[in-house]
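The values are calculated or read from the model by the stated rules, or taken from the named source; none is laboratory data. The shown structure was predicted, so the numbers you read here are calculated from the model rather than taken from an experiment. Note: ideal-geometry Cβ built from the backbone for every residue, glycine included; neighbour counts use all protein chains shown. Just so you know, the surface numbers come from the protein's heavy atoms only, side chains and all, with ligands and any DNA or RNA stripped out. Shrake-Rupley method; radii C 1.70, N 1.55, O 1.52, S 1.80 Å.
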Amino acid sequence: MKNIYKVAVLGGGGRTGNFLVNQLLKKGFSIKLLLRNPENFTIQSSKIEIIKGDAIDKEAIVLLLKDCQAVISTIGQRPGEPMVASQATKNVLQVMSEFKIKRYLVLAGLNIDTPFDKKGPKTVLATDWMKTSFPEIQKDRQLTYDLLVSSTVNWTMVRVPFIEFTDEASEVKINLLDCDGDRISALGIADFLIEEMIEERFINQSPFISAI
């Protein structure tokens with residue numbers, strides 16, 4: 001999708017989100033960030049606009065998405081707090097409809113299931129571990145996928161294995177059926193999200209990506 005110049009980012013204050021913000025800046029995009037604690041955010045640029053608020057608050061999402069052409073979420077679950085992923089997505093999808101924004105990318109784990117998967121033993125093991133260890137988070141994340149499927153936006157859910165927080169840029173392996181690798185760098189994730197936002201190779205799909 002061309003003509004994207006301002007991107008709304010949820011989760012930009014997190015570790016993966018920081019890599020995404022930096023890469024968006026390097027590629028010349030303007031960014032609107034939703035942050036609960038802006039005082040803790042250290043990346044500075046005239047191309048960043050910060051909205052103080054919470055993703056589960058629809059009014060905050062309205063402020064965030066105004067004048068944007070795409071939305072990327074790397075939002076994570078906060079320990080001991082209400083589930084955030086599905087409610088944030090409900091809010092985002094509603095506001096995208098109001099503002100006629102079409103492009104939405106969401107970062108997720110291997111544990112999300114789709115009807116098209118042919119997960120191998122390693123991916124099945126990781127999925128089952130998540131379902132057993134964090135059933136509420138798993139349920140909430142799976143609901144997020146269901147919400148995307150029933151929406152009218154051009155969404156992509158990017159599923160990743162263990163994240164290494166390094167600046168190492170490695171070639172990325174993409175597979176729609178199963179995850180081919182055990183890990184991926186946060187930089188690799190950021191670059192893929194931005195490329196996919198623009199190129200739209202996986203509209204309404206959930207690719208697995210991993211480092212080769």
Residues satisfying the stated conditions in the range 168-195, i.e. assigned to a loop (DSSP other than H, G, I, E, B) and of a type in the set (A, V, I, L, M, F, W, C) | Ala169, Leu176, Leu177, Cys179
List the pairs whose first member sits in the range 148-174 and is farther than 16 Å from Ala186 by Cα, whose second member is surrounded by fewer than 17 Cβ atoms within 10 Å (Cβ to Cβ) and at pLDDT below 95, and whose Cβ atoms are under 9 Å apart, counting only residues at least 6 apart or on separate chains?
-> Asn154/Met1
Taking only pairs six or more apart or across chains, which ones have beta-carbon atoms under 7 Å, a first residue in the range 196-208 that is touching a residue at least 60 places away in the same chain (Cβ under 8 Å) and assigned to a loop (DSSP other than H, G, I, E, B), and a second residue that is surrounded by 14 or more Cβ atoms within 10 Å (Cβ to Cβ) and among the polar types (S, T, N, Q)?
-> Glu200/Asn154; Ser206/Thr114
When you look at Asn111, is it part of a loop (DSSP other than H, G, I, E, B), within 18 Å of Met157 (Cα to Cα) and either in contact with a Pro (Cβ under 9 Å, 6 or more places away or on another chain) or open to solvent by less than 40 Å² (accessible area, probe 1.4 Å) (or both), yes or no?
-> yes
Within the range 63-100, residues within 19 Å of Ile50 (Cβ to Cβ) and touching a residue at least 60 places away in the same chain (Cβ under 8 Å) come out as Asp67, Cys68, Gln69, Ala70, Val71, Ile72, Ser73, Thr74, Ile75, Gly76, Ala88, Val92
Criterion: in contact with a strand residue (DSSP E or B) (Cβ under 9 Å, 6 or more places away or on another chain) and of a type in the set (D, E, K, R) - qualifying residue of Glu136, Glu196 = Glu196
From the option list Val92, Val84, single residue qualifying as modelled with pLDDT under 95 and buried (at least 18 other Cβ atoms within 10 Å of the Cβ) is Val84
Output yes when any residue across the range 10-32 is more than 16 Å from the chain's Cα centre (by Cα), over 25 Å from Glu168 (Cβ atoms) and outside any helix (DSSP H, G or I), and no when none is.
-> yes
Taking the stated definitions as given, is Val71 hydrophobic (A, V, I, L, M, F, W, C) and modelled with pLDDT under 95?
-> no
